[in-house]
Amino acid sequence: MELFDILAIVISLTAGFAYLNHRFIGLPVTIGVMVIALLASLLLQIIDLAGLHLGDHAARWLSSIDFNATLLHGMLSYLLFAGALHVKLDDLHEHKWTIGILATVGTVVSTFLVGTITWWVLGLLGVALPLVMCLVFGALISPTDPIAVLGILKNAKAPKSLEVKITGESLFNDGVGVVIFLVLAEIATSTHEPTMSHMAGLFAQEAIGGTLFGLALGALGYGLLKSIDQYQVEVIITLALVTGGYALADALHLSGPIAIVVAGLVIGNQGRRFAMSEKTREHLDVFWELLDEILNAVLFVLIGLEVLVLTFTQEYLLASLALIPLILLCRLVAIGLPMTLLRRVRTFSPGAIWLMTWGGLRGGISVALALSLPTSPERDVILAITYAVVVFSIVVQGLTMEKLVKRLSVS
């Protein structure tokens with residue numbers, strides 16, 4: 001199928017689902033369109049039982065879409081930049097130690113806790129999965145998805161300090177999680193034993209190199225924006241900065257997500273304050289907010305439809321049901337231990353640990369990373385469990401986040 005035909009179908013479905021949600025259901029847009037897409041997928045599978053095979057046609061169409069490339073090498077750069085553009089560096093600086101520790105130490109701890117528990121649970125169910133592949137699963141499911149988190153936080157009305165911590169953690173642990181995933185995936189698929197120095201070098205190249213490259217991108221964008229005052233050209237410059245910058249970071253084997261987040265913070269703070277007129281700021285905000293909303297909706301429709309091409313067995317379903325609460329428990333430990341230690345030098349909002357645990361949503365990035373694994377029986381297991389965790393996270397955790405904020409009396 002041609003690229004234009006795929007775009008036409010996806011955007012048409014997204015518009016239709018968004019209309020149905022707004023007109024009849026009233027859920028937040030991203031959750032609403034995903035729920036409708038899930039229901040549509042289940043309906044197609046029921047129709048298939050009658051012998052019409054519409055679900056088979058839809059599955060073949062979905063198989064023609066490279067979800068991993070579409071998200072990780074397409075949508076992700078724009079969504080991360082749009083999210084970082086509105087985060088204030090002063091707020092991040094105030095909570096830098098909390099955000100930094102949770103995004104790094106918390107992600108590493110969660111990766112190994114989730115990986116070990118997954119290996120144990122699958123072993124009990126008779127599903128053979130090597131420990132290193134379980135750790136790969138831990139790496140792809142541990143980072144919270146900024147795309148999902150930022151959308152939910154707009155409606156949750158959490159305290160400002162808590163919102164900054166959740167947003168900052170989700171923006172940065174995404175890049176850290178992708179780097180850990182790449183390191184572990186290389187170990188799992190490599191024919192030779194990687195050394196510690198090789199793994200440390202790869203991590204440093206991706207993470208530190210991505211940060212420095214992002215600062216250079218931000219400085220370049222700042223200089224270009226400051227030299228002119230023409231909002232149409234300035235919007236195009238930011239678009240080119242994100243598109244070209246992510247592609248170049250990828251080609252240089254640097255972390256594209258970290259680079260784009262850093263560049264977005266530079267443009268959203270120094271650039272907004274010193275390099276833009278009021279008219280440019282207004283048009284830039286409108287453009288990126290609209291692009292963010294459109295891509296979010298498209299992404300969550302694709303997540304809802306992706307169930308058509310997954311393989312689910314009784315063992316996979318039981319493993320998913322067992323692991324959903326255990327993964328939440330792992331996040332509670334990975335978040336709770338550092339924050340408990342930090343209480344000696346910092347104060348946190350009431351219920352902050354519980355809210356950050358429940359508000360750590362997983363989303364399309366986890367699905368995309370799982371889909372990027374080489375085709376194998378192990379991949380089928382990881383993909384099925386990942387999908388179940390993501391759907392639970394977005395639908396159940398996302399819809400109850402606002403109620404939890406109110407119940408803990410921190411609004």
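Here are a few things to note about the model shown:
- Subset of segment 294-331 [charged (D, E, K, R) and surrounded by 21 or more Cβ atoms within 10 Å (Cβ to Cβ)]: Glu306, Arg331
- Complete set of residues in segment 264-289 that are closer than 30 Å to Gly209 by Cα, among the aliphatic types (A, V, I, L, M) and more than 18 Å from the chain's Cα centre (by Cα): Val266, Ile267, Ala275, Met276, Leu284
- Residues of segment 251-286 that turn out to be buried (at least 18 other Cβ atoms within 10 Å of the Cβ) and farther than 23 Å from Phe181 by Cα, as a count: 12
- Test: Pro338 is in a helix (DSSP H, G or I) and either of a type outside the set (Gly, Ala, Ser) or modelled with pLDDT under 90 (or both): yes
- Leu217, sole failed condition from (1) in a helix (DSSP H, G or I); (2) without any contact (Cβ under 8 Å) to a residue 12 or more places away in the chain: (2)
- Near pairs, Cβ below 6 angstrom, 6+ apart or cross-chain, from segment 162-187 (over 11 Å from Ala207 (Cβ atoms) and surrounded by 24 or more Cβ atoms within 10 Å (Cβ to Cβ)) to any residue that is at pLDDT below 85 and not β-branched (Val, Ile, Thr): Ser170/Pro146; Leu171/Pro146; Asp174/Pro146
- Unique residue being within 28 Å of Met356 (Cβ to Cβ), crowded, with 17+ Cβ neighbours inside 10 Å and at pLDDT 90 or above when the list is Thr107, Thr116: Thr107
- When Asp292 is tested against (1) within 18 Å of the chain's Cα centre (by Cα); (2) more than 30 Å from Trp61 (Cβ to Cβ), exactly one condition is not met: (2).
- Among the residues making up segment 359-381, those that are over 16 Å from Gly177 (Cα atoms) and either buried (at least 21 other Cβ atoms within 10 Å of the Cβ) or not assigned by TED's automatic domain parsing to the domain that holds Thr340 (or both) are Gly359, Val381.
- Complete set of residues in segment 74-104 that are at pLDDT 90 or above and aromatic (Phe, Trp, Tyr): Tyr78, Phe81
Conditions (1) on the phi > 0 side of the Ramachandran plot; (2) at pLDDT below 85; (3) of a type in the set (Val, Ile, Thr), marked per residue:
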site: Ser190; (1), (2), (3): no, yes, no
site: Leu217; (1), (2), (3): no, no, no
site: Ile228; (1), (2), (3): no, no, yes
site: Glu234; (1), (2), (3): no, no, no
site: Thr238; (1), (2), (3): no, no, yes
site: Gly256; (1), (2), (3): no, no, no
site: Val261; (1), (2), (3): no, no, yes
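- Hey, Ile294 among the β-branched types (Val, Ile, Thr), more than 29 Å from Leu212 (Cβ to Cβ) and modelled with pLDDT of 90 or more or not: yes
- Looking only at segment 360-405, and only at residues there that are free of Cβ contacts under 8 Å to residues at least 12 places away in the same chain and of a type outside the set (Ser, Thr, Tyr), the one that is nearest to Ile303 (Cα to Cα): Val396
The values are calculated or read from the model by the stated rules, or taken from the named source; none is laboratory data. In this text the structure is predicted, and so the values were computed from the model without any measurement. We place every Cβ from the backbone using ideal geometry, glycine too, and count neighbours over all the protein chains shown.
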